[in-house]
Amino acid sequence: MLELTGLRLPYTATEEELKQRAAELCRVSADAFLTFRISRRALDARKKQQISYLYNVTVALPKKLEQQALRRKDDRIKACSPETDTEIAAGTEDCRGRIVVAGLGPAGLFAAYTLAKQGYRPLVLERGRPVEERVQSVERFWSARVLDPESNVMFGEGGAGTFSDGKLTSRSKDPRGQRVLELLAENGAPGEIVYLAKPHIGTDRLRAVVSNLRRRIEQLGGEVWFSARLSGVRCDAGRIAEIAVTRPDGEVRVPTAALVLATGLGARDTCRMLHRAGVAMQPKAFAVGCRIEHPQSLIDHAQFGDAAGDPRLGAAEYHLSARSGDRGVYTFCMCPGGKVVASASAPEQLVVNGMSDYARDAENANAAVIVQVGPEDFGYGAFDGVRFCEKLERDAFYVGGGDHTAPASRVEDYLARRASAAFSYVHPSYRPGVRRTNLWDCLPEFVAAGIAEGVVAFGHQLAGYDLPDAVLTAVESRTSSPIRILRTAMGVSETVSNLYPAGEGAGYAGGIVSAAIDGMRAAERIIGRFRPPVWE
């Protein structure tokens, strides 16, 4: 096998033209390839008159032609071997109880899959409901303002990522990342995600993918309990002996050998319970702000120029950053052709996030504009960051009217520190609805000022970003966890020797792929410690 890198072609080029370019590099005919597969494709739109794709491809040639290509000593031609799954050597410690995974978001799904694949038959707890039921609960909230605290955008099969753009980008170089993409594709995600530089699934397709992956876990012997909340732990000599699980039919006690904690960003009550039980935690820095909406056509034109709207390019994305004093201000979780969504998981909360379908064909683009905050702003107690977020969400809830209506403003009015009289060119997409307010009333002064400075700076970086009619909606408060559950280099809690904190809620990941990787690592560490349980 050969990997050919750095093949640049106009964005209008066909796969046959790519194949011909690869053949020219190897100095063979295009029909000499035994196999030909795109392994990476990245868009380069820095020169709007010369928009191109940069490709890596993996090919197979007859042995003689392969050696001939390698003798060219061209850095763009490298020998490679197909990656295969490696079995993890099982440990020797006996399982005195169940291997339990708490949470069925990306970290929990991939931890459970890894465990199930090697015969550990994990018990998976999910406080929310299966995707089909969860979608109905979320729709009731968005249309009728009826919030189910146990089945919402934060809780339920697939985790918070199920109601998102389904972005699969990650800064991690961990080879597990490619396996995550392959598993998602095997379970129904578009096949292109395995090679796109910025892959996404879209919330409409992601729902089926997570259900398929959960069914695979069950086929491999895993057991999944829905509407099952981790409500207590009993520790003995510095390790969990059993857990308490609250279900609709009452509380169940489960003897536990190891617990993967993958509960996500919304389970603040679970974190408080574990802290009372002696699990070491500390506050961490994160970022808060608002969602901003522009017409997607404006973003497309700013990024692609005259090529805007070409289906071969799709909806344009952006990532922007600036400074407000000594703080970073940046855009986060940009959703092309998407919607701003209500993401509260408890009463008296107003939380916004972004979502888009696979097609990314809605009228507006949206992204978070967020400002860095840290313990120096809110305190150094383990839950001081959580309390900071809770106050933000409560303030936004009441400024919006106390019924899950979100406070919102035109950018021009926001910069003038006043409420908007009306919306014009850009219509807010947030459901169940918005209220025109002065957003400075529900944000700390330094956050509000940082957003204002950021929007102005971004207008110099991306034409039209500071559009007067662009809409800001508050409050984006769950960009990352305000808590870190302390763990050792072996991924186990510093104070509870069989607790494995994983994913975003534990403070160790920042997206679907990185959370999935972290869940896989936790599972591998359990496998390397315990021998598989013996089942009668």
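The values are calculated or read from the model by the stated rules, or taken from the named source; none is laboratory data. Keep in mind the model is a prediction, meaning the values are calculated, not measured. Cβ coordinates were reconstructed from backbone atoms using ideal geometry, including for glycine residues, and neighbour counts include every protein chain displayed. What goes into the accessible areas is simple: the full protein's heavy atoms, side chains included, and nothing from ligands, DNA or RNA. Shrake-Rupley method; radii C 1.70, N 1.55, O 1.52, S 1.80 Å.
Which condition breaks for residue 157 when tested against (1) acidic (Asp, Glu); (2) touching a residue at least 24 places away in the same chain (Cβ under 8 Å); (3) not in a loop (DSSP other than H, G, I, E, B)?
Going through (1) acidic (Asp, Glu); (2) touching a residue at least 24 places away in the same chain (Cβ under 8 Å); (3) not in a loop (DSSP other than H, G, I, E, B) one by one, residue 157 breaks only (3).
Does residue 339 qualify as being crowded, with 22+ Cβ neighbours inside 10 Å and either modelled with pLDDT under 95 or at negative phi (or both)?
Spelling it out, residue 339 is indeed crowded, with 22+ Cβ neighbours inside 10 Å and either modelled with pLDDT under 95 or at negative phi (or both).
Given the options 34, 61, name the one that is hydrophobic (A, V, I, L, M, F, W, C), touching a helix residue (DSSP H, G or I) at 6+ places or on another chain (Cβ under 8 Å), without any contact (Cβ under 8 Å) to a residue 60 or more places away in the chain and farther than 30 Å from residue 166 by Cβ.
Step by step, each of 34, 61 is checked, and only 61 is hydrophobic (A, V, I, L, M, F, W, C), touching a helix residue (DSSP H, G or I) at 6+ places or on another chain (Cβ under 8 Å), without any contact (Cβ under 8 Å) to a residue 60 or more places away in the chain and farther than 30 Å from residue 166 by Cβ.
Just to be sure, is residue 94 of a type in the set (Asp, Glu) and surrounded by 15 or more Cβ atoms within 10 Å (Cβ to Cβ)?
no
Mind checking which strands (runs of 3 or more DSSP E) fall wholly inside the range 430-507 and carry at least 3 residues that are under 25 Å from residue 342 (Cβ atoms), of a type in the set (A, V, I, L, M, F, W, C) and in contact with a His (Cβ under 9 Å, 6 or more places away or on another chain)?
none
Restricting attention to strands (runs of 3 or more DSSP E) lying wholly within the range 207-271, give those where 2 or more residues are among the charged types (D, E, K, R) and over 23 Å from residue 485 (Cα atoms).
Passing ranges, in order: 250-261.
Give the residue that is nearest to residue 141 (Cα to Cα), with candidates limited to residues of the range 402-422 that are of a type in the set (Gly, Ala, Ser) and surrounded by fewer than 19 Cβ atoms within 10 Å (Cβ to Cβ).
If we take residues in the range 402-422 being of a type in the set (Gly, Ala, Ser) and surrounded by fewer than 19 Cβ atoms within 10 Å (Cβ to Cβ), then 402 is nearest to residue 141 (Cα to Cα).
State which residue is farthest from residue 376 (Cα to Cα) when the search covers only the range 273-292 and only residues that are of a type in the set (Lys, Arg) and touching a strand residue (DSSP E or B) at 6+ places or on another chain (Cβ under 9 Å).
291
Quick check on my filter: what residues within the range 100-157 are of a type in the set (Asp, Glu) and either open to solvent by less than 30 Å² (accessible area, probe 1.4 Å) or over 23 Å from residue 187 (Cα atoms) (or both)?
Answer for the range 100-157, where residues must be of a type in the set (Asp, Glu) and either open to solvent by less than 30 Å² (accessible area, probe 1.4 Å) or over 23 Å from residue 187 (Cα atoms) (or both): 126, 139, 148, 150, 157.
If you check 252, 260, which single one turns out to be within 16 Å of residue 98 (Cβ to Cβ) and surrounded by fewer than 23 Cβ atoms within 10 Å (Cβ to Cβ)?
252
Quick one: residue 472 ticks every box in (1) open to solvent by 10 Å² or more (accessible area, probe 1.4 Å); (2) aliphatic (A, V, I, L, M); (3) in contact with a strand residue (DSSP E or B) (Cβ under 8 Å, 6 or more places away or on another chain) bar one, so which box is it?
So the condition that residue 472 fails would be (1).
What pairs can you find where one residue is in the range 176-199 and on the phi < 0 side of the Ramachandran plot, the other is assigned to a helix (DSSP H, G or I) and surrounded by fewer than 17 Cβ atoms within 10 Å (Cβ to Cβ), and their Cβ atoms are less than 6 Å apart, with a gap of 6+ or different chains?
Listed by first residue and then by second, the contacts come to 185/191; 187/212; 194/182.
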